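To start, the structure itself, in structure tokens.
Any read-out appearing in this document is the output of simple, stated calculations on the displayed coordinates, not a laboratory observation. Only a predicted model underlies this, so the values are computations on that prediction, with no experimental measurement involved. FYI the Cβ positions are ideal-geometry reconstructions off the backbone, even for glycines, and counts take in every protein chain you see.
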Amino acid sequence: MAPGARARPRRRCAGIGEATARAVISVARACRSVLETADPRTKVMLARRVARDWRLGRLAHAFDAVMPDRPARPAAPELLPPNRMPKRGKGSEHGRIALIHAVTHIEFSAIDLAFDIAGRFGGQFPRDFVDDWLRVGADEALHFALLDRRLKQLGSHYGAMPAHDGLWDAAAETAHDPLARLAVVPMVLEARGLDVTPAMIARFANLGDTATAAILSRIFKDEIRHVWAGAKWFESAC
């Protein structure tokens, strides 16, 4: 080295050891943080960040956190029993918004369902199980955001109408059985959504609401993959 020359700082290469050291938060704890977040906007951002962090190797494949019995919920919408839900008027503007609101709540609940199944049962399956369900969770967060924005465009918002928590209630009954959870949520409840969504798309298109129809078409395509993931893991565990 020439006299007076300054030594260049050595650059450290991020090897496997360093990457592992950075992965100090377990994927289970990250999933639990999504479930414990009540504010919808914050939940959406956190869900997408957790999915991204997992994909980039920033979370440890460890299951050192217990999932809550119920996820945190915002103050609105008011949650009613299914048999107390108000009737939606068919063909009216209010009925159209009420239907969008109902689907928006389903997608909000689906965020929690995806992160719960990954955090609750991920340790009983190969690593790809977490890959699939965090990808599903990120999809559900996007679906919710698209529908919530559509509600605002129509002069409403998520929480403006009551909703029911039947989707989570059905999942809660399978909290200790991964096969039952896979059978009930993706293979029955989400598959049922595939049955009714084409008619909803046609209904909104016929009303001239092409924006909502386009969102539902996007959701429909993603949900096909979600049902397939449920069937794949159910069959692999049988």
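Between C238 and R52, what is the FRET efficiency for a Förster distance of 35 Å, r being their Cβ-Cβ separation, to the nearest 0.05? If you can, show how the numbers build up before the last one.
Numbers: r = 32 Å, r/R0 = 0.91.
E between C238 and R52, to the nearest 0.05, is 0.65.
Relative to the current alpha-carbon distance between T42 and R127, full extension at 0.36 nm per residue lengthens the span by 27.9 nm.
One entry in [x] 15.7; [y] 18.4; [z] 17.7 is mean projected area of the Cα convex hull in nm² calculated from the shown coordinates; its label is [z].
Summing -39500 (n - 2.57) over the DSSP H runs of n ≥ 4 in the chain and dividing by its residue number, what mean residue ellipticity at 222 nm do you reach, to the nearest 500 deg cm²/dmol?
Working: 9 runs with 146 residues, N = 238.
Helices in the chain give a 222 nm mean residue ellipticity of -20500 deg cm²/dmol.
Scalar couplings 3J(HN,Hα) for segment 97-107, obtained by applying the Karplus form with A = 6.51, B = -1.76, C = 1.60 to θ = phi - 60°, are 5, 4, 5, 4, 4, 4, 5, 4, 5, 4, 5 Hz; x denotes Gly and Pro. In order along segment 24-35, the phi-based Karplus estimate (6.51 cos²θ - 1.76 cosθ + 1.60, θ = phi - 60°) of 3J(HN,Hα) comes to 8, 9, 7, 5, 5, 5, 5, 5, 4, 4, 5, 5 Hz; Gly and Pro are listed as x.
For the chain, the longest principal axis of the alpha carbon atoms and the long axis of helix 210-237 meet at an angle near 60°.
Each Lys and Arg adds +1 at its Cβ and each Asp and Glu adds -1 at its Cβ; summed about the Cα centre, segment 46-167 shows a dipole of about 460 debye. Taking other Cβ atoms within 10 Å as a rough exposure proxy, I25, I224 sort from fewest to most as I224, I25.
About its Cα centre, segment 186-225 has a charge dipole of approximately 60 debye under the convention of +1 per Lys or Arg Cβ and -1 per Asp or Glu Cβ, with nothing else charged. Taking label points 7 Å from Cα along the Cα-to-Cβ direction, R218 and L194 give a separation of 2.1 nm. The separation of segment 134-179 from segment 197-238, counted between C-alpha centres, amounts to 14 Å.
At R0 = 25 Å, how high is the FRET efficiency between R88 and V66 if r is their beta carbon distance? Nearest 0.05 is fine. List each step's numbers first, then the result.
Values: r = 38 Å, r/R0 = 1.51.
After rounding, the FRET efficiency stands at 0.10.
If R0 is taken as 30 Å, the Cβ-Cβ distance between Q153 and D177 corresponds to a FRET efficiency of 0.15.
Taking amide hydrogens as placed 1.01 Å from N in the peptide plane, the amide H of A60 sits under 5 Å from those of I25, S26, V27, each at least 5 positions away in sequence or on another chain. Applied to segment 71-87, the Karplus parametrisation 6.51 cos²θ - 1.76 cosθ + 1.60 on θ = phi - 60° returns per-residue 3J(HN,Hα) values of x, 5, 10, x, 4, 10, x, 5, 9, 10, x, x, 6, 10, 5, x, 6 Hz, with x for Gly and Pro.
Per-residue counts of other Cβ atoms within 10 Å, averaged by peptide: what ranking do you get for 78-85, 173-180, 107-114, highest first?
Working: 78-85: 10.6, 173-180: 13.9, 107-114: 26.1.
Going by the mean number of other Cβ atoms within 10 Å, highest first, we get 107-114, 173-180, 78-85.
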